[in-house]
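Report on one structure; see the data block that follows.
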Amino acid sequence: MPRPWLLAGPSELKPSPALNSEISRELDFADNEIAQQLFGDLNRNLHTIEQATGVTINARGNSLQIKGRVHAVDLAFTTLQQMYGLLLKGYPVFSQDIAFGVKILESSPQARLEEIFLDKVCITARKRVISPKSVNQKLYIEAIRENDIVFGIGPAGTGKTYLAVAMAVSALAHEQVAKIILTRPAVEAGEKLGFLPGDMAQKVDPYLRPLTDAMNEMLGQEKTLELTERGVIEVAPLAFMRGRTLNNAFIILDEAQNTTREQMKMFLTRIGFDSRAVITGDVTQIDLPGSQKSGLIEAERILTGIKGITFRQFSKADVVRHPLVQEIIHAYELQDAARHTSRKISENEA
């Protein structure tokens, strides 16, 4: 299905000089106030673009001179143009938005940031607009809107769970569902917590904290507590789903890589009429004991191609946390690749 926001406009199809040559381009903005917002305090946003692309940007009034290699200059030029357009439409551009914009246009030069950033999912209790920050996040949100079951698979920090919770809150606010159910398997991540005091809710709270944190940010603690007490929001371990039929609900299964085959099958067969489900997980962080196989990996293998079920893959390029998170993920990927190669060599020699 074609995505209009990924189609190139005529101005983006101009031929460029040799990629290694140095060029300079001028960029003028008509609105002085908007231009200053674009540049940021002490030209902070311009410095962000310089660091991300390697260009040099000189500002004079409402005009910019961008110098550097062809590809880098074109990338900086397009990012500034599109971010200016976002500001004209009332979108508040911050340094992190600039960084996300550069990443999007670097990997998808034909993308239209306006169609991505202005896709408002919901507004948090603190009036913060939640919207996608990468092409894959945009596709993920569209998939949730268009399908009953969506799997979001990828590394930490890519917004899989956060955006799923935002979509759940939006669906509840628009009366598309009557309740939100948040669940995850109670599997310890590489360490034994031992006996946990308190009643059942207190015992499972540490496992479900990431989901409740996201819900609190979206709705505020008081509203979340009120809806929880009324049964509109339910947060429970995956084991509590057995035997139920979940109608008219938005259901999120987090940390799905730690489900067994039986648990995943049980969860997917709980989904009733007028319900939708989002299943998120990272197959590189499986904490199942012994030789147990991940239900998420098997689900991707056997359910791909079924109408109404969609799988969206994320990569380290979609990480929207601290910039170091992307570097950390890359370092571990290199280490895993090296170990895999070493293991293959050892098997061949044997």
The range 199-295: relative contact order as a whole-number percent, Cα under 8 Å and 6+ apart:
27
³J(HN,Hα) computed for each position of the range 302-314 - Karplus, 6.51 cos²θ - 1.76 cosθ + 1.60, integer Hz, glycine/proline x
9, 9, 4, x, 7, 5, x, 10, 10, 10, 10, 9, 10
Can you tell me the order of 309-320, 219-230 when each peptide is scored by its average per-residue count of other Cβ atoms within 10 angstrom, highest first?
309-320, 219-230
HN-Hα couplings for the range 135-140 via Karplus (6.51, -1.76, 1.60; θ = phi - 60°), in whole Hz with x for Gly/Pro, come out as 4, 5, 5, 4, 5, 5
Over all Cα pairs of the range 76-166, how is the pair count split among 5 Å bins, expressed in % and running from 0 up to the last occupied bin?
2, 13, 25, 24, 20, 11, 5, 1
Solvent-accessible area per residue for the range 29-101 (1.4 angstrom probe, square angstrom)
48
Mean separation of Cα contacts under 8 Å (6+ apart) over length of the range 90-167, as relative contact order %:
24
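The values are calculated or read from the model by the stated rules, or taken from the named source; none is laboratory data. Given the structure is predicted, the values throughout are model-derived calculations rather than measurements. Backbone-built Cβ (ideal geometry, glycine too); neighbour counts: all protein chains shown. The area values use the complete protein model at the heavy-atom level, side chains included, leaving out ligands, DNA and RNA. Shrake-Rupley method; radii C 1.70, N 1.55, O 1.52, S 1.80 Å.
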